[in-house]
Amino acid sequence: MTGRRVAVTGLGLVSPLRDEPCEVFARLMNGESAVRQISFDGAKPHANVGAPAPFDPARRLGPQQRADYLDRVALFSLAAAAAAVDDAGIQFDDDLKHRSGVSFGTGMGAANALEETFAQLLLRDPDRVKPLTVLKVMNNASASHIATRYGLGGPDLTYSCACSSSACSIGEAYRQIRHGYADVMIAGGAEAELTFGFFKSWEAMHILAPIDHANPGASCKPFAKNRNGLVLGEGAAMVVLEEWEAAVRRGARIHAELVGYGCSNDHQHITKPSVDGQARAMLLALADGGVSPDEVDYVNAHGTGTLLNDVTETMAMKRVFGDRAYRIPVSSTKSMHGHLLGGAGALEFVIALLALQYRGVPPTANLAVPDPECDLDYVPGAGRAAPEIRCVMSNSFAFGGTNAVLVARRA
């Protein structure tokens, strides 16, 4: 399918591994983990490890930004968007504002505000709820605040499809530009679900990894024989996408070209992943970008660390890449930053772009016990130089069945 080319000109992060993209990537390459033991006001869930994001709203957003009427997820989103816009060096004049928009993804939305509201209703005074509660908890609050901050009059869209939310938001923003509906899109997603109630809800599904008592930072073990669950993380990642020719004309630094997006649905079970669905999303993304499977140099895998997901994704990659699957570096960086749920796809897409920029592939940490069923090159232990890397793929697969895959090339 033909259309306009799409440049990635800005990257912005709020992550468990800090905020500067170069620092985050260096930590990943060294196999550093942000996963640690956590508790909630003294209460400890059974699976008491997570990857919280160190975040100071006053430092990231300035004292003029009131934090009291925004949920933590919206604060993350505004900070990551501001960093991406600054990195892009873009100025929104009156004409461009009407051709620019926001595309945002989140799975859980305003988890902190929701939990606080229920605590107020059930434990304190049911007659006194904060008057801005609805505006705080609506899932499109983050996108709306970003659009308002920059005065953007183009599309303002929010996608909520569990762990694929922000990958979908970037892919759909790419389509907005490619097909001429917008010239610039601020796209990505966020999650801030490390609250006691949401944590216990995930724990009840028996898919959270228990703490590794020898090394809490090694609790998430994607693709390993001894993997036993995912670790929740929080944060945000946003990118600025621009129509290629306009970005070139203004002299923008182009991080990469986003060339392909594929989206499919498993349509069989709300939690059980499908080899067919995952492979179809990868093949659609490759076809969309006119990219041969032989051209892909690195895959940032969904790689949650659950028993079923990792073997399913391995089988799907073998179907897509054939024998070459064994020669493509594949890694799950969730082993180090945790699973950001709705924000995961955006963070991992940025990491894939950083792999292009710094010509290296990050590792899958904590992979000490190989699984015969997961037998690809998962880059165990530490990162690897990749001087010839030119094309990367980022996979995101979700409860509910939504699969989203992004493909990018070196600019």
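The values are calculated or read from the model by the stated rules, or taken from the named source; none is laboratory data. What you see is a predicted model, and the numbers here were worked out from it, not measured in a lab. Cβ coordinates were reconstructed from backbone atoms using ideal geometry, including for glycine residues, and neighbour counts include every protein chain displayed. All accessible areas refer to the heavy atoms of the entire protein, side chains included, with ligands and DNA or RNA removed. Shrake-Rupley method; radii C 1.70, N 1.55, O 1.52, S 1.80 Å.
Within region 374-384, is even one residue open to solvent by 30 Å² or more (accessible area, probe 1.4 Å) and part of a strand (DSSP E or B)?
Yes, region 374-384 contains a residue that is open to solvent by 30 Å² or more (accessible area, probe 1.4 Å) and part of a strand (DSSP E or B).
Just to verify a result, which residue in region 48-61, among those that are open to solvent by 10 Å² or more (accessible area, probe 1.4 Å) and in a loop (DSSP other than H, G, I, E, B), is farthest from His339 (Cα to Cα)?
Asp56
Out of all the residues in region 1-32, which are open to solvent by 30 Å² or more (accessible area, probe 1.4 Å) and among the polar types (S, T, N, Q)?
Hits for region 1-32 are Thr2, Asn30.
Matching residues to (1) crowded, with 22+ Cβ neighbours inside 10 Å; (2) of a type outside the set (Asp, Glu); (3) within 20 Å of Gly10 (Cβ to Cβ):
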site	(1), (2), (3)
Gly322	no, yes, no
Ser335	yes, yes, no
Ala344	yes, yes, yes
Glu348	yes, no, yes
Leu353	yes, yes, yes
Leu356	yes, yes, yes
Asn366	yes, yes, no
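Give me the pairs: first residue in region 329-353 and under 21 Å from Thr195 (Cβ atoms), second residue part of a helix (DSSP H, G or I) and not polar (S, T, N, Q), beta-carbon distance under 6 Å, and six or more apart or on different chains, which are they?
Leu340/Leu347; Leu341/Cys163; Ala344/Cys163
Within the set of pairs 6 or more residues apart or between chains, which connect a residue that is assigned to a loop (DSSP other than H, G, I, E, B) inside region 124-135 to a residue that is open to solvent by 80 Å² or more (accessible area, probe 1.4 Å) with Cβ atoms less than 7 Å apart?
Leu132/Tyr69
From Gly343, Gly322, which residue is in contact with a helix residue (DSSP H, G or I) (Cβ under 8 Å, 6 or more places away or on another chain) and within 20 Å of Gly188 (Cα to Cα)?
Sole residue among the options that is in contact with a helix residue (DSSP H, G or I) (Cβ under 8 Å, 6 or more places away or on another chain) and within 20 Å of Gly188 (Cα to Cα): Gly343.
Could you please give the count of residues in region 287-312 that are in contact with a helix residue (DSSP H, G or I) (Cβ under 6 Å, 6 or more places away or on another chain), part of a helix (DSSP H, G or I), of a type outside the set (Val, Ile, Thr) and closer than 30 Å to Gly217 by Cα?
Qualifying residue count for the region: 0.
Condition check: more than 30 Å from Ala214 (Cα to Cα) and open to solvent by 10 Å² or more (accessible area, probe 1.4 Å). Does Met108 satisfy that?
Against the criterion (more than 30 Å from Ala214 (Cα to Cα) and open to solvent by 10 Å² or more (accessible area, probe 1.4 Å)), Met108 qualifies.
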